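Where a number appears in this text, it was derived from the coordinates with a stated rule and is not lab data. All figures in this text were calculated on a predicted structure; none of them were measured in a lab. Glycine gets a Cβ as well: all are built from the backbone with ideal geometry, and neighbour counts include every protein chain shown.
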Amino acid sequence: MTSCNGKPWDNILDIKVNVRQGPGDCYVVDLSGEIDVYTSPKVKDAIGELIDRGVYYLVINLEKVRYIDSTGLGVLIGGLKRVREHGGSVNLVCTNLQIKKIFDITGLVKIFGIFDTEDAAMKALV
Amino acid sequence: MNHAVENENVATDRVELRIPSRPEWVALARLAAAAVANRLRLSIDEIEDVKLAVTEACTAVIQHENHGDFIHLTCETTPQALRVRVHDSGRQGAHGENGQTMDLDEARIAGLGVFLIRTLMDEVSYDVHPQLGTDLLMVKRLAAGQAG
C-alpha cells in the first residue's frame, strides 16, 4: 500500500513517536501524523513503556498531529488512567482547532489539561 | 469507483469504494469521503466531521468480532446533502450496538465512536440485518449556496 515513490501514502498512514526527558520526573511524548485504529497501537506501546518504567508525569505533544479518532482518544484516556493510579498526570499540548473540537464535544477537556505550549503543559504538571 | 446516477429530476453522483476490513485501509476510506465532501464545497470543518464519522464507522466494523471481509463505502451527492453509507456484510450490528463481545473499556471507546458519529453528522440511521449485515447511513446537509 504505497504510492509510486512510497512516500505520500506512508506519511498519511504513519504516526511518528518521539520520547524525550523533560525537567524532573517528566517525559515528553511528541506525536506526529494521524492517530487512528491502525496507528494508535504504536502510541499505546510508547506510553505504556514509559509507565512501565515508572514515569507517571507525561506531556503529550499533539502539535504535529493532523487527525485523531476515538481509538486515539482511548489510548490517551488509558494512559491517563494508569498514571493517575500512581498519583501522576498527563497534560496535552494542542492548538489544532479540529482536534480541540473533538476533545470539547467528547467532554475530555474536563479530564485532560490542554495547553497551547509545551512550557505551560510542563509547568502545570508539577 | 462508480460515477453518475441520474434521478428523476435531480442529478446525483455516487462514489463507491470497497476496502478490506483491516485497520490499514481506514485512511483510504476517510480520504475518499473527504474528496467527495470537498467536491460539494463543504467547509474544512464539515469535511473533517465527515472524515471522522467515516473513520469511526469503519473502525466500529473492524473492531466487531463478526465483521465481514470487506467494508463498502458509498458516498452520494445531492443538491441538499452528502449521504455516506457504510456497509459491512458481517453478522449482526457492528456499530457499537453489540457491546457484549468487548470488555468495558473497549465498549466505552466504541460508545465514544458512536457518540462522535451522531454529534458530527446531521442524520444517522442503522439498518441491521442478521444475514445481510449492517448498513449505517450518515447524512451531512449542505448549507445554502454549497454544492455544484
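Under the definition of partner shielding as Cβ atoms of other protein chains within 10 Å of a residue Cβ, what is the mean value for peptide A:58-71?
Numbers: counts 0, 0, 0, 0, 0, 0, 0, 0, 1, 6, 2, 14, 16, 12.
Mean inter-chain Cβ contacts per residue within 10 Å come to 4.
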Evaluate peptide A:33-39: per residue, the Cβ atoms of other protein chains within 10 Å of its Cβ; return the mean as an integer.
-> 6
Pick out which of A:V17, A:V59, A:V93 has the largest mean-square fluctuation in a Gaussian network model of chain A, springs linking Cα atoms closer than 10 Å.
-> A:V17
Restricting the range A:34-65 to trypsin sites (Lys or Arg not before Pro) in coil, as DSSP defines it, with at most 16 other Cβ within 10 Å = A:R53
Spatially proximal lysines relative to A:K123 (Cα-Cα < 30 Å; intrachain offsets below 8 disregarded) = A:K16, A:K42, A:K44, A:K64, A:K81, A:K100, A:K101, A:K110
Going by how many other beta carbons lie within 10 Å of each one, how would you line up B:C58, A:C94, B:C75, fewest first?
-> A:C94, B:C75, B:C58
Ranked list, fewest to most other Cβ atoms within 10 Å of each Cβ, for A:L97, B:L52 | A:L97, B:L52
Between A:K81 and A:E49, what FRET efficiency follows from the Cβ-Cβ distance if R0 is 25 Å, with the result rounded to 0.05?
-> 0.95
